[in-house]
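The values are calculated or read from the model by the stated rules, or taken from the named source; none is laboratory data. Note that the structure is a prediction, hence the values are computed from the model and not measured. Note that each Cβ is placed from the backbone with ideal geometry, even for glycine, and that neighbours are counted across all protein chains shown. Side chains included, ligands, DNA and RNA excluded: accessible areas come from the protein's heavy atoms. Shrake-Rupley method; radii C 1.70, N 1.55, O 1.52, S 1.80 Å.
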Amino acid sequence: MFTWRKLGKVFTPQAVGGRPWLEEFAQAPATLLFDDVVRVYFSCRPRADSTGQYVSYSAYVELDRGNLFEVKNVSDQPVLALGGVGEFDEFGTYPISVIRAGNEVRAYYAGWTRCESVPFNVAIGVATSRDEGRTFVKCGPGPILAYSPDEPFVLSGPKIRRFNGIWYLWYIAGRKWKVVDGRAEPVYKIRMATSADGMHWSKANQDLIESRVEEDEAQASPDVYYAGGKYHMFFAYRYSSGFRGKDRGYRIGYASSMNLTDWSRDDGKCGIDVSDDGWDSEMISYPHVFDVDGKIYMAYLGNQVGRHGFGLAVLEGQLE
Amino acid sequence: MRWRKLGRIFDPTQHALPGGCVQFAQSPQTLPFEDRVRVYFSTRAVDPRNGKYLSHIAFADFDTSLRRMIRISDKPVIPLGKLGCFDEHGIFPMNVLRHGDEVYGYTCGWSRRVSVSVETSIGLAISRDQGMTFERIGDGPILTASLHEPCLVGDGFVKVIGGVFHMWYIFGIGWSRHSPDAPPERTYKIGHAVSADGIAWTKDEARHIIADRLGAAESQALPTIIGLNGRHHMFFCYRESVDFRSNRARGYRIGHAVSEDLQNWVRQDENPALDVTEGDWDSDMLCYPHVFEFKGAVYLLYNGNEFGRYGFGLAILEYD
């Protein structure tokens, strides 16, 4: 089993102020390393509207590279605009995953629209930055990865990586909408697509991670990290109903692979769970593993799926 | 060339329609047999939950004269999509194509949105019983929004030419609000995609293959293609993007374009022309054309007033 030592919550959106679009939530952390700071992109929300509905924006916080608990800067504006009327990302851009590509930074993000029979639908868009990731311009008004016969709705949670010259996009795809107490809740599974250029994608069209807690287990945030000669995936999973409480809410799972296609799940090796009390006592989710100056960290969300921010854990030992 | 009108051949208000449908027989699409022509169309039931329409596919069989109806389907040939799927709230139209012993049905699926009325995508369902019933290849679409085609991919028409599957379809270029209290209206254009198997498609993305006659606000719909005398002929319908429902001067008319190479199309709406007939069922509007050849003659099926609320008619191609 890996040993993650929790360092505590590192960012609290409620503490920022002066940004009405950043009132609460700091979800799905994703890092970009600079000489002096570790920039962590996240998704946040203004207050809900009069009907209780949210939109979501993506932004970043910069942490001092020598002391990750020192916040140096928070972006003044969302890094990406919401889409226009009728576009796939009209009501939200969440989550976002970034990667350097030559002189640019490229962002893959999930765009949210609102539907009549179910609350939302989601597809994956792409945007580029020519100012070191401070602002992004969409490559087009539509999605780069959208629905297909076996992935009928809710393509979300993109995580962009490049290994051995190939672009990989891990994401989730909806399997079914399950009506629980009159409310439609999506069941989704971890999927993958590959590309030579990051723009034209081929879907693997298979579930990568077997379901463990139930057939309708929902899986999210597939975060892949290479170390010790193999690929490690940390992800989040939960039950399909009653998941807003502690017992059936998000936990972090683990799988490994030698070839990026065939994954072996072993949650017992994961090494991080909810705390007895505090900000992450009910659920933990949206893991993101990254290394800085020889140490491996995991950023993750706590209770209420990041409503009050994200925290860090540091790995003791190696990923192998 | 000229079209000689043969009159309305199907009035849905005069028949018992399957699935509780009343009125509308839109977008007729043919499947020829030796002794008959099967005409699929979209008809409508009322959604008991909210009074909105649900479009279903039905068919009527006509004898070889094409004037006498000999059978009407007694149930919808394909159920609507599952909760949250692209074709949950209607299928309109469905283009059919023989492929070996099977019949491919390219569906245009409708699902309702909140900020705009609807989103569409194209699905594939296959019949192994000569078109009596169709089964989806998956819950999701085969052609949908993409980076530069942000919305409203629909109205697929498929034809195999030289061993290659060609699809002509429409894509939305955006929604816009033309006055503060009016709902957003859409504008769409005709596009083209190719495929080796009829399932995985490559778009000629966002290229408007048919020149606008009414300017940038022209909406073009329902392309249908036939080869005549060594050239490809496309028929379609077009209209203004606002005030097109009841203003007969701005409503749908039939357009026509010609191509030698399937890439470059020259618009020739007047040769052959099809125009409205004063005082008749098609006095105000002409839409949803379908061109086909049967026993040596070339025919056009089309809808008249109110988008086909009162059925479809037939015209035959004649040469001077």
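What to note about this one:
- Filtered residues of segment B:101-122 (kept if more than 7 Å from chain A (Cβ to nearest Cβ), of a type in the set (Gly, Ala, Ser) and within 26 Å of residue A:84 (Cβ to Cβ)): B:109, B:117
- Within segment A:81-98, being more than 14 Å from every other protein chain (Cβ to nearest Cβ) and closer than 16 Å to residue A:53 by Cβ holds for A:93, A:94.
- Qualifying residue in segment B:73-84 (condition: under 17 Å from the mean Cα position of the chain (by Cα) and not in a strand (DSSP E or B)): yes
- The residue pairs whose first member lies in segment B:86-103 and is without any contact (Cβ under 8 Å) to a residue 40 or more places away in the chain, whose second member is open to solvent by 10 Å² or more (accessible area, probe 1.4 Å) and among the charged types (D, E, K, R), and whose beta carbons are closer than 7 Å, counting only pairs six or more residues apart or on different chains, are B:88/B:82; B:102/B:128.
- Filter result for residue B:232 (part of a strand (DSSP E or B) and open to solvent by less than 10 Å² (accessible area, probe 1.4 Å)): no
- Residue B:87 being in a loop (DSSP other than H, G, I, E, B), open to solvent by less than 10 Å² (accessible area, probe 1.4 Å), over 22 Å from residue B:302 (Cα atoms) and acidic (Asp, Glu): yes
- Checklist (1) assigned to a strand (DSSP E or B); (2) open to solvent by 20 Å² or more (accessible area, probe 1.4 Å); (3) not aliphatic (A, V, I, L, M) applied to residue A:221, failing item: (2)
- Single residue of segment A:176-194 satisfying the filter (away from every other protein chain (no Cβ under 13 Å) and at pLDDT 95 or above) that is surrounded by the most Cβ atoms within 10 Å (Cβ to Cβ): A:190
- Listed conditions (1) within 14 Å of another protein chain (Cβ to nearest Cβ); (2) part of a loop (DSSP other than H, G, I, E, B); (3) surrounded by fewer than 24 Cβ atoms within 10 Å (Cβ to Cβ) are all met by residue B:129, apart from (1).
- Restricting attention to segment B:284-319, the residues that are polar (S, T, N, Q) and either farther than 19 Å from residue B:58 by Cβ or open to solvent by 20 Å² or more (accessible area, probe 1.4 Å) (or both) add up to 1.
- Hey, residue B:96 open to solvent by less than 10 Å² (accessible area, probe 1.4 Å), more than 14 Å from every other protein chain (Cβ to nearest Cβ) and in a strand (DSSP E or B) or not: no
- Conditions (1) assigned to a strand (DSSP E or B); (2) open to solvent by less than 40 Å² (accessible area, probe 1.4 Å); (3) more than 24 Å from residue B:98 (Cβ to Cβ); number of the one not met by residue B:166: (3)
- Residue among A:108, A:94, A:41 that is among the aromatic types (Phe, Trp, Tyr), within 16 Å of the chain's Cα centre (by Cα), modelled with pLDDT of 95 or more and open to solvent by 10 Å² or more (accessible area, probe 1.4 Å): A:94
- Filtered residues of segment B:17-50 (kept if open to solvent by 50 Å² or more (accessible area, probe 1.4 Å) and either under 24 Å from residue B:282 (Cβ atoms) or in a strand (DSSP E or B) (or both)): B:22, B:23, B:32, B:46
- Inter-residue pairs, beta-carbon under 6 Å, first farther than 19 Å from residue A:115 by Cβ and in segment B:66-85, second assigned to a loop (DSSP other than H, G, I, E, B) and open to solvent by less than 40 Å² (accessible area, probe 1.4 Å), 6+ apart: B:70/B:63; B:77/B:134; B:78/B:134
- Residue in segment A:123-144 that is part of a loop (DSSP other than H, G, I, E, B) and closer than 30 Å to residue A:241 by Cα present: yes
- Cross-chain or 6+ apart pairs with Cβ under 7 Å, segment A:98-126 first and free of Cβ contacts under 8 Å to residues at least 12 places away in the same chain, then assigned to a strand (DSSP E or B): A:115/A:121; A:115/B:111; A:115/B:112; A:115/B:113; A:116/B:112; A:116/B:113
- So residue B:208, is it modelled with pLDDT of 95 or more, in a loop (DSSP other than H, G, I, E, B) and surrounded by fewer than 21 Cβ atoms within 10 Å (Cβ to Cβ): yes
- Segment B:170-202 - residue that is under 17 Å from residue B:95 (Cβ atoms) and in contact (Cβ under 8 Å) with a residue 60 or more places away in the chain and, of those, farthest from the other protein chains (Cβ to nearest Cβ): B:192
- Single condition residue A:173 does not satisfy, out of (1) of a type in the set (A, V, I, L, M); (2) within 12 Å of chain B (Cβ to nearest Cβ); (3) assigned to a loop (DSSP other than H, G, I, E, B): (3)
- Any hit, segment A:297-320, residues being closer than 25 Å to residue A:32 by Cβ, of a type in the set (S, T, N, Q), in a loop (DSSP other than H, G, I, E, B) and modelled with pLDDT under 95: yes
- Verdict on residue B:151 being within 9 Å of another protein chain (Cβ to nearest Cβ) and open to solvent by less than 10 Å² (accessible area, probe 1.4 Å): yes
- In segment A:18-38, the residues that are outside any strand (DSSP E or B) and open to solvent by 40 Å² or more (accessible area, probe 1.4 Å): A:18, A:19, A:20, A:23, A:35, A:36
- For segment A:255-279, residues that are open to solvent by less than 20 Å² (accessible area, probe 1.4 Å) and touching a Gly at 6+ places or on another chain (Cβ under 8 Å) total 1.
- Members of segment A:99-144 found to be facing chain B (nearest Cβ under 9 Å) and closer than 16 Å to residue A:168 by Cα, listed by number: A:125, A:126, A:144
- Residue check for residue B:135: charged (D, E, K, R) and closer than 30 Å to residue A:128 by Cβ: no
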